[in-house]
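Read-outs: derived from the displayed coordinates by stated rules, not from any lab. Source: prediction; values computed, not measured. Here the Cβ positions follow ideal geometry from the backbone for every residue, glycine too, while neighbour counts run over all protein chains shown.
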Amino acid sequence: MTGVETEKVAFGFFTRKGKYVECLLSVSKKLDVEGEVTGVFCFLQTASPELQQALHIQRLSEQTALKRLKALTYMKRQIRNPLCGIVFSRKLLENTELGIEQKQLLHTGT
C-alpha cells in the first residue's frame with residue numbers, strides 16, 4: 001500500500017444497544033506499481049469517553065454561541081432601522097433654518 005492521500009470524515013452510527021458512537025473514518029487509496037487504484041484501506045477510529053464528552057460539550061457551546069449570535073443580529077437589525085430614521089431626520093433638520101435653541105437641541109441629540 002503506497003497511498004499518500006488520506007481522507008478523513010466524521011462518521012457516526014448507533015450500536016445494537018442504541019448508543020450513538022462518533023468516530024473518524026480514514027480512507028486511503030491502495031495503489032499498484034503503475035499508480036492505478038486497486039482498492040481502499042478504511043480505518044475506523046473511536047474516541048475515548050472523555051474525548052466524546054469534550055466533543056459533546058464543544059458542540060453544545062457552539063450551538064449556544066450560534067443562538068446568541070442570531071439573537072444579537074436580530075437585535076442589531078431592530079435597533080438599526082429606527083436609528084437610521086432618526087439620523088436621516090436629523091440631517092434633514094440641519095439643512096433648515098433653525099433658531100439658536102433648536103440648533104442646540106439638534107447638537108445635543110447628535
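Listed values, structure above:
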quantity: Once exposed loop GluC sites (Glu not before Pro) are cut out (DSSP; at most 13 other Cβ, 10 Å), longest piece of the chain; calculated: 37-96
quantity: The chain: relative contact order in percent, alpha carbon pairs under 8 Å with at least 6 residues between; calculated: 15 percent
quantity: Cα-Cα P(r), the chain, percent of pairs per 10 Å interval; calculated: 11, 19, 15, 14, 11, 10, 11, 8, 2, 0
quantity: Square roots of 5 times each gyration tensor eigenvalue, C-alpha, the stretch 63-110, largest first, Å; calculated: 36, 10, 5
quantity: Longest exposed-site-free window of the chain, the sites being trypsin sites (Lys or Arg not before Pro) in a DSSP loop that have at most 15 other C-beta atoms within 10 Å; calculated: 20-110
quantity: C-alpha long axis of helix 49-94 to longest principal axis of the chain, angle in °; calculated: 20 degrees
quantity: Max mean-square fluctuation residue, GNM over the chain, Cα-Cα springs under 10 Å, options Leu69, Leu98, Leu24; calculated: Leu98
quantity: Cα centre as origin, Lys/Arg/Asp/Glu Cβ charges: the chain dipole, Debye; calculated: 700 debye
quantity: The chain: angle of helix 100-109 to the longest principal axis, Cα-based, in degrees nearest 10; calculated: 10 degrees
quantity: For Leu31, distant residues with modelled amide H under 5 Å away; calculated: Thr2, Gly3, Thr38
